[in-house]
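Asks: Take a look at the following structure, please.
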Amino acid sequence: MKFLQFSVLPFLMVILSVSGANLARHPHRDFLRCLSLRIANSSTITYTQNNPSYSSVLNASIHNTRFSTPTTPKPYAIITPRKTSHVQSTIYCSKNHGFQLRIRSGGHDDEGVSYVSQVPFVILDLVNFRDVKVDTKNEVAWVQSGATTGELYYGIASKTQTLGFPAGICHTIGIGGHLSGGGFGILGRKYGLAADHIIDAKLVDANGRVLRRKSMGEDLFWAIRGGGGNTFGVVLAWKIKLVPVPPVVTVFTVNKNLEQNATKTFHRWQYIAHKLPRDLFTTVWVMKVNSSQVGRKTVQASFKGMFLGRIDVLIPLIQYAFPELGLARENCTEMSWVQSVLYFGALPIEPVEILLNRSALPRLSLKAKTDYIRQPMSETGIEGFMNMFLEEGTDFAITMIEAFGGKMDEIRENELPFPHRSGILFESVYIVQWTNEEDAGLCINWMRRLYSYMSSYASKSLRGAYYNYKDLDLGTNNINGYTSYEQASVWGLKYFRNNFKRLVRIKTMIDPMNFFSNEQSIPPLLSP
């Protein structure tokens, strides 16, 4: 198939089929009338800007306050469906009355594309789709997209201590976005991605059809497991395969700052971490901290780990493979798997009900970027990287460096849209946060310089990125016009590598009019 131009203006052909005069005069009123005709008591799930609850509903799951300022574009309406038919009606009315649809399942959106648009839009907020049904006998669960990872983890742990799920550590992330982008976490070296364990899904497409795995076909089922669910339809629920975990796991943290050979320890860690037994996940968190010298700062590397076993097995394993770490028993704690999620989330491990608290974490403005590293950094390179954390704008900056290897090395690049598998030593997630809006420019500029510095060490042939940490610096679609395949591939190849072409073909089949679109959604091909 020849790659032609494709449209990123989601409603172009649809609008042409609707009365232009009617749209120009009363698009808002007609949209609400459409919902009221199709949904009984539609006002109970629809929040427009004159509704007193509008702002609280809009901001309820926005975790990146960078996109909740007075000047941030706001949706005409927020629809919080309770039934599948409500979702179908929202799609129908949005298509026929000229609104772009943004789909939100949790609000952990680093670039705000699930709740911000530069064209007239409405939000479909899946906050009411949050059921978790765990079947321990068959080791599976159905989880709706509006549930958080914490609600899923709690649902599993309330039934069993010997099953878990390999998703991320932040308990307030919405399942819908997390699963559809891949989902890497502390069980990743043992079991791979969260998306590797999706065995069925329920999706509503642009024509309002309700599809399951059998009816959607294996191409579309492949695409939504890592290619971004909101680009192909509205995924309402996922059936996932749970994984075995021991009743007791061991976590540890060893902190080393620049004066305690953090650079040399990290340099050695690079050569070891991806080769360790897959029952052991390790990560290094780099940040600026107070020095022992009053009034001065230093850089700390926190070496953290989670071992699927007891302390008595872990200690000799580390002492043999990585003696430079100096792991001691006092650095380690035994706990349940679900408590380890709270541990890595820097939360109290008791009570585990905190997993149900969607407001447990502070909300800050942030910018994030990601890299995949295939070759170890030199000691000089590491020293330069760490010293950048002593600059201005880094008080709330952190880099999380997560070891790959294990199961990740065994999964083919094209098994799912997420391609970053074999040969990767570690994933680096760079995050900078700020509390005062006047610091935004300083912090974002620092982040971009850090990312530029790391270009010497990232993948040489094609620098990769993780779709779940969207970064619009990589490139965007045109919202009010056409975008060539070449333009979209600038960002698409970084996220999906060779899988991007297949995603585009599938998008063309399932949503040729590009109804589901945003700045970094998979676009379709235009017909000749």
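Asks: Report Rg (one decimal) and Dmax (nearest whole number) for the range 28-125, counting Cα atoms only, units Å.
Replies: Answer for the range 28-125, Rg first and Dmax second: 12.7, 37 Å.
Asks: In degrees from 0 to 90, rounded to the nearest 10, what is the angle of the helix 213-224 Cα long axis to the longest principal axis of the chain?
Replies: 60 degrees
Asks: Tell me, what % of the accessible area of the range 28-125 is carbon and sulfur with a 1.4 angstrom probe?
Replies: Carbon and sulfur together cover 49 percent of it.
Asks: Ranking request for peptides 311-324, 287-300, 229-242, 367-380: highest mean number of other beta-carbon atoms within 10 Å first, then the rest in descending order. Working shown, then result.
Replies: Working: 311-324: 15.6, 287-300: 13.7, 229-242: 24.6, 367-380: 18.4.
So the peptides 311-324, 287-300, 229-242, 367-380, ranked by packing, come out 229-242, 367-380, 311-324, 287-300.
Asks: Return a whole-number percent for the relative contact order of the range 475-527, with Cα pairs under 8 Å and 6 or more residues apart as the contact set.
Replies: 39 percent
Asks: Find which of 337, 360, 406 sits farthest along the positive direction of the dipole of the range 322-426, computed with +1 on the beta-carbon of Lys and Arg, -1 on that of Asp and Glu, about the Cα centre.
Replies: With unit charges placed on the Cβ atoms, the residue in question is 360.
Asks: Cα-Cα pairs above 12 Å in the range 488-528: how many percent?
Replies: 55 percent
Asks: For the range 132-244, just the Cα atoms, rotate onto the principal axes and tell me the three extents in Å, largest first.
Replies: 41, 25, 23
Asks: So, counting K/R as plus one and D/E as minus one, what does the shell of residues with Cβ under 10 Å around residue 265 add up to?
Replies: Working: positive: 256, 264, 268; negative: 324.
Value of the local net charge: +2.
Asks: Angle between the Cα long axis of helix 27-38 and the longest principal axis of the chain, 0 to 90 degrees, nearest 10?
Replies: Tilt relative to the chain: about 90 degrees.
Asks: Just the number, please: carbon plus sulfur as a percent of the accessible area of the range 475-527, 1.4 Å probe, no ligands or DNA/RNA counted.
Replies: Using a 1.4 Å probe with all protein chains present, the range 475-527 comes out at 53 percent carbon and sulfur.
Asks: Can you pull the percent of the range 417-473's accessible area that's carbon plus sulfur, 1.4 Å probe, other chains left in place?
Replies: 48 percent
Asks: Volume per residue, Å³, of the convex hull around the alpha-carbon atoms of the range 370-456?
Replies: 109 Å³
Asks: Which of the peptides 433-443, 385-395, 102-112 is most tightly packed, and how do the rest follow, judged by the mean count of other Cβ atoms within 10 Å per residue?
Replies: In decreasing order of mean packing, 433-443, 385-395, 102-112 become 102-112, 385-395, 433-443.
Asks: I would also like to ask the following. Can you give the Rg to Rh ratio for the chain, taking only C-alpha atoms and Rh from Kirkwood?
Replies: Rg/Rh for the chain comes to 0.97.
Asks: For the chain, find the longest principal axis of its Cα atoms and tell me its angle to the long axis of helix 84-96, 0 to 90°, nearest 10.
Replies: Helix 84-96 sits at roughly 60 degrees to that axis.
Asks: Further question: Please compute the alpha carbon radius of gyration of the range 362-520, then divide it by the globular-protein estimate 2.2 N^0.38 Å. Two decimals is fine.
Replies: 1.14
Asks: Can you list the aspartates and glutamates whose alpha carbon sits under 19 Å from that of residue 190, skipping same-chain ones fewer than 8 residues off?
Replies: Counting by Cα, and skipping residues close in sequence, residue 190 has these aspartates and glutamates nearby: 139, 279, 334, 402, 409, 410, 413, 415, 427.
Asks: From the backbone phi of the range 322-334, what are the Karplus-calculated ³J(HN,Hα) couplings (6.51 cos²θ - 1.76 cosθ + 1.60, θ = phi - 60°) in whole Hz, Gly and Pro given as x?
Replies: 3J(HN,Hα) across the range 322-334, in whole Hz: 8, x, 4, 5, x, 5, 10, 4, 5, 7, 10, 9, 8.
Asks: Residue 260 to residue 392: FRET efficiency via 1/(1 + (r/R0)^6), r the Cβ-Cβ distance, R0 35 Å, to the nearest 0.05?
Replies: Values: r = 24 Å, r/R0 = 0.69.
It comes out at approximately 0.90.
Asks: On to the next question. Give the average over all directions of the projected area of the C-alpha convex hull of the range 86-192, one decimal, in nm².
Replies: 7.7 nm²
Asks: OK, next. Please work out the C-alpha center-to-center distance from the range 232-265 to the range 75-136 and express it in whole Å.
Replies: 29 Å
Asks: Compute the relative contact order of the chain as a whole-number percentage, counting only Cα pairs closer than 8 Å that sit 6 or more residues apart in sequence.
Replies: 19 percent
Asks: Using the 2.2 N^0.38 Å rule of thumb for compact globular proteins, work out how the range 113-171 stacks up: its C-alpha Rg over that value, please.
Replies: Normalised by 2.2 N^0.38 Å, the Cα Rg of the range 113-171 equals 1.43.
Asks: Rounded to the nearest 500, what is the chain's calculated 222 nm mean residue ellipticity when only DSSP H runs of at least 4 contribute -39500 (n - 2.57) each, over all residues? Could the numbers behind the result be given before it?
Replies: Details: 16 runs with 151 residues, N = 528.
Counting only the DSSP helices, I get -8000 deg cm²/dmol.
Asks: Moving on to the next point. Show me, bin by bin at 5 Å from 0, the whole-percent P(r) of the range 212-319 based on Cα pairs.
Replies: Over the range 212-319, the share of Cα pairs per 5 Å bin runs 2, 9, 14, 13, 10, 9, 12, 12, 9, 6, 2, 1, 0 percent.
Asks: Calculate, in whole percent, how much of the Cα-Cα pair population of the range 308-375 lies beyond 20 Å. Provide the component values of the computation, followed by the final result.
Replies: Numbers: 1269 of 2278 pairs.
Percent of Cα pairs beyond 20 Å in the range 308-375: 56.
Asks: In whole percent, what relative contact order does the range 132-244 give with Cα contacts below 8 Å and a gap of six or more residues? Numbers along the way, then the final one.
Replies: Details: 228 pairs, mean separation 36.3, N = 113.
Over the range 132-244, the number comes to 32 percent.
Asks: To continue, here is another question. Past 24 Å, Cα to Cα: identify those pairs from 83/133; 83/470; 133/202; 264/407; 137/202, in the order given.
Replies: 83/470; 264/407
Asks: So what is the accessible area of the chain per residue, in Å², with the probe set to 1.4 Å?
Replies: Accessible area per residue: 39 Å².
Asks: Turning to a different aspect of this structure: For the range 209-271, evaluate the Debye formula with one uniform point scatterer on each Cα (no solvent term) and list log10 I(q)/I(0) at q = 0.14, 0.24 Å⁻¹, rounded to two decimals.
Replies: With one equal scatterer per Cα and no solvent, log10 I(q)/I(0) is -0.69, -1.03.
Asks: Sticking with this one: When ranked by the protection proxy of mean other Cβ atoms within 10 Å per residue, highest first, what sequence do the peptides 115-128, 248-261 form?
Replies: Working: 115-128: 20.9, 248-261: 18.1.
Final packing ranking: 115-128, 248-261.
Asks: A further question follows. With a 4.7 Å Cβ cut-off, tell me which Cys residues in the chain come up empty for a partner.
Replies: For the chain, the answer is 170, 332, 443, because their Cβ atoms have no other cysteine Cβ under 4.7 Å.
The values are calculated or read from the model by the stated rules, or taken from the named source; none is laboratory data. Since this is a predicted model, take the numbers as computed values, not measurements. When we count neighbours, we look across all protein chains shown, and the Cβ atoms used for this are built from the backbone with ideal geometry, even at glycine. Accessible surface areas use protein heavy atoms only, side chains included; no ligands, DNA or RNA. Shrake-Rupley method; radii C 1.70, N 1.55, O 1.52, S 1.80 Å.
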